[in-house]
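**Q** The structure is given below, and queries will be raised subsequently.
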Amino acid sequence: MTRIAIAGFQHETNTFAPFPTELERFEAAGAWPGMTRGADITARMQGLNLPLSGFMGACKHEVAPILWCYAEPGGYVEADAFDAITAEIVQGIREAAPDAVYLDLHGAMTTRAYPDAEAEILARVRAAVGPDMPIAVSLDLHGNLSRAFFDAATVVTVYRTYPHTDLAETGARAARLLDRALAGPVAKAFRQGDYIVPITAQTTERAPAAELYAAVAASPALSADLALGFPPADVPDCGPSLFVYADTQAEADAEADRLAALLARAEDAFEPNLLSAAETVAKALTLPGPVVIADPQDNPGAGGTGDTTGILRALLDAQVPDAILGLLYDPAAAEAAHAAGVGATITLPLGGGFDEFSAPLDASVKVEALSEGSFTCTGPMYSGAQAQLGPMARLRLTGTGVQVCVTSTRVQNADQEQFRTLGLDPKDHHIICVKSAVHFMADYKRIANHILFATAPGANPCDLSQIPFTQLRPSLRLR
């Protein structure tokens, strides 16, 4: 019987984030499960919207699960974490003695030593299994991929939605494409785009990404996929890339060239749709609610610190009568609220842990609700996942209509249950502020009358001219 070794190692690295990503970040649970090994992978991850889960569901062969882990996007992955996790995966593959390998990777992981960390992972796996064993990889839509990575992988699939609602389906496609690779050689072609797309412009909820991914899905090739890239990564291979697989090299090259031409023609249509924080709040007050305001530049899902106060200050300056904001990463505030108890009024600094982005907001707040941060997600992206965010609190700023939900775990707000676990139903509020770039749309578009994107200082600049790149390849343009 054919035996497939399966493993996952996911991180999206913001090389400008002001903190490293250590091993403990991969071990801990958050919105997704913590580090999981062996048979526990099958038990804990069955049915989740994750690529590895989708692969297991679609795979017709015996699987040998080794290790799966994920860390919330942040700064460079520390060398000891990268080496330890990669070594465990490689050793597990050796011990499994498989006929093929499947890896659930991200595509934008970076360490100080390896600008394309996924290429290094594949190089180490290749050294263990040899040049001919089929290796299938699934990737995030935001991958920054190199030729070295492409050459080392036998077949690759990439998410086709942003917000990412097709993670499991991408893993299932990888299983089907791996079956084709097991049956015989597959021709492949790789192309890179010449421009970087702002993160808020990449959403497949609107043009031009919607049309590009429709073309990819309808490709006559065996498989075609597009990664749009992760902008806050100062690496040579930042930006879009295309993967095409076909029965012949001529077919693969022709389809890759056709899709690359579509990508080139779409350049001028990508717009980030941003307003300043003050302008966004002023506009929201003129619109029927609920109005969702995204804080993409402080999106923890792109390496943001999750604790900036720019949007919060704009809400207070405008004296909005009804707004909720979350999640603000502030373990100290959550601890103080739990110590004080529901109903207490306390004075404390909120957020602002990194002075290059914002200052703490000194505030008098009433503790409205408390939670231990354990709940089941219900939105399209995280559906079924058991969140473990630690102590949380809902705080009402005294004398205002603004309520802030603070958390002990840095995580983006892409699921309404993050508010509901603290007794708030987002649909009942006029302004809903979420620290997210695009993923929130999958869940919140179901209740929002309007969605706006605000700019306040953060570690994920959406105006690419504000990112101090030094390592990009010379041919790349900033959109």
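**Q** Looking only at residues in region 286-306 that are open to solvent by 10 Å² or more (accessible area, probe 1.4 Å), part of a loop (DSSP other than H, G, I, E, B) and touching a residue at least 60 places away in the same chain (Cβ under 8 Å), which one is farthest from Asp428 (Cα to Cα)?
**A** Leu287
**Q** Does region 265-283 hold any residues that are open to solvent by less than 60 Å² (accessible area, probe 1.4 Å), part of a helix (DSSP H, G or I) and within 30 Å of Leu242 (Cβ to Cβ), and which are they?
**A** Residues satisfying the conditions are Glu267, Ala269.
**Q** I've got another one for you. Cβ-Cβ below 7 Å, separation at least six or inter-chain, first residue in region 93-116 and over 18 Å from Val156 (Cβ atoms), second part of a strand (DSSP E or B) and of a type in the set (S, T, N, Q): which pairs?
**A** As it stands, the answer is Thr110/Thr13, since those pairs meet every condition given.
Here is a yes/no grid of residues against (1) in a strand (DSSP E or B); (2) out of contact with any helix residue (DSSP H, G or I) (no Cβ under 6 Å at 6 or more places or on another chain); (3) modelled with pLDDT of 95 or more:
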| position | (1), (2), (3) |
| --- | --- |
| Arg191 | yes, no, yes |
| Ala201 | no, yes, yes |
| Pro220 | no, yes, yes |
| Gly229 | no, yes, yes |
| Asp234 | no, yes, yes |
| Leu242 | yes, no, yes |
| Tyr245 | yes, yes, yes |
| Glu251 | no, yes, yes |
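**Q** While we're here: Test Val244 against the criterion of being closer than 26 Å to Met109 by Cβ, surrounded by 21 or more Cβ atoms within 10 Å (Cβ to Cβ) and over 21 Å from the mean Cα position of the chain (by Cα), and give yes or no.
**A** When the stated conditions are applied, Val244 passes them.
**Q** Could you figure out which of (1) open to solvent by 20 Å² or more (accessible area, probe 1.4 Å); (2) among the hydrophobic types (A, V, I, L, M, F, W, C); (3) within 27 Å of Lys427 (Cβ to Cβ); (4) in contact (Cβ under 8 Å) with a residue 60 or more places away in the chain isn't true of Met392?
**A** (1)
**Q** Let me ask you something else. Quick check on my filter: what residues within region 2-28 are among the aliphatic types (A, V, I, L, M), surrounded by 24 or more Cβ atoms within 10 Å (Cβ to Cβ) and within 14 Å of Met109 (Cα to Cα)?
**A** none
**Q** Just wondering, is there one or more residues in region 362-375 that are open to solvent by 10 Å² or more (accessible area, probe 1.4 Å), in a loop (DSSP other than H, G, I, E, B) and not acidic (Asp, Glu)?
**A** no
Yes/no matrix, rows are residues, columns are (1) among the small types (Gly, Ala, Ser); (2) within 18 Å of Glu95 (Cβ to Cβ):
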| position | (1), (2) |
| --- | --- |
| Ala5 | yes, yes |
| Glu12 | no, no |
| Glu24 | no, no |
| Ala31 | yes, no |
| Gly34 | yes, no |
| Ser53 | yes, no |
| Glu72 | no, no |
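**Q** In region 209-235, which residues are surrounded by 20 or more Cβ atoms within 10 Å (Cβ to Cβ) and not small (Gly, Ala, Ser)?
**A** Matches in region 209-235: Leu212, Tyr213, Val216, Leu222, Asp225, Leu226, Leu228, Phe230, Pro231, Pro232, Val235.
**Q** Suppose we filter region 337-352 for residues that are open to solvent by less than 60 Å² (accessible area, probe 1.4 Å) and either among the β-branched types (Val, Ile, Thr) or outside any helix (DSSP H, G or I) (or both); how many remain?
**A** 8
Yes/no matrix, rows are residues, columns are (1) within 30 Å of Ala28 (Cβ to Cβ); (2) in contact (Cβ under 8 Å) with a residue 60 or more places away in the chain:
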{"residue": "Val411", "(1), (2)": "yes, yes"}
{"residue": "Gln416", "(1), (2)": "yes, no"}
{"residue": "Gly423", "(1), (2)": "yes, no"}
{"residue": "His430", "(1), (2)": "no, yes"}
{"residue": "Val438", "(1), (2)": "yes, yes"}
{"residue": "Ala442", "(1), (2)": "yes, yes"}
{"residue": "Gly458", "(1), (2)": "yes, yes"}
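**Q** Determine which single condition Ala334 fails, assuming it passes every other condition in (1) open to solvent by less than 40 Å² (accessible area, probe 1.4 Å); (2) without any contact (Cβ under 8 Å) to a residue 40 or more places away in the chain; (3) in a helix (DSSP H, G or I).
**A** Failing condition for Ala334: (2).
**Q** So, one more: State which residue is nearest to Asp298 (Cα to Cα) when the search covers only region 251-264 and only residues that are free of Cβ contacts under 8 Å to residues at least 60 places away in the same chain and open to solvent by 50 Å² or more (accessible area, probe 1.4 Å).
**A** Going through the qualifying residues, I end up with Arg258.
**Q** Applying the selection to region 307-322, what residues are within 27 Å of the chain's Cα centre (by Cα) and either open to solvent by 20 Å² or more (accessible area, probe 1.4 Å) or closer than 28 Å to Asp140 by Cα (or both)?
**A** Asp307, Thr308, Gly310, Arg313
**Q** Any idea which of (1) open to solvent by 50 Å² or more (accessible area, probe 1.4 Å); (2) modelled with pLDDT under 95 is the one Ala385 doesn't satisfy?
**A** Ala385 satisfies all of (1) open to solvent by 50 Å² or more (accessible area, probe 1.4 Å); (2) modelled with pLDDT under 95 except (1).
**Q** For a quick check of your reading of the model, give me the residue pairs whose first member lies in region 29-46 and is open to solvent by less than 40 Å² (accessible area, probe 1.4 Å), whose second is modelled with pLDDT under 95 and assigned to a helix (DSSP H, G or I), with beta-carbon atoms closer than 6 Å and at least 6 apart or on different chains.
**A** So the pair list comes out as Pro33/Arg44; Thr36/Arg44.
The values are calculated or read from the model by the stated rules, or taken from the named source; none is laboratory data. Model, not experiment: these values are computed from the prediction. Cβ: placed from backbone, ideal geometry, glycine included. Neighbour counts: every protein chain shown. These area figures cover heavy atoms from the full protein model, side chains too; ligands, DNA and RNA do not enter into them. Shrake-Rupley method; radii C 1.70, N 1.55, O 1.52, S 1.80 Å.
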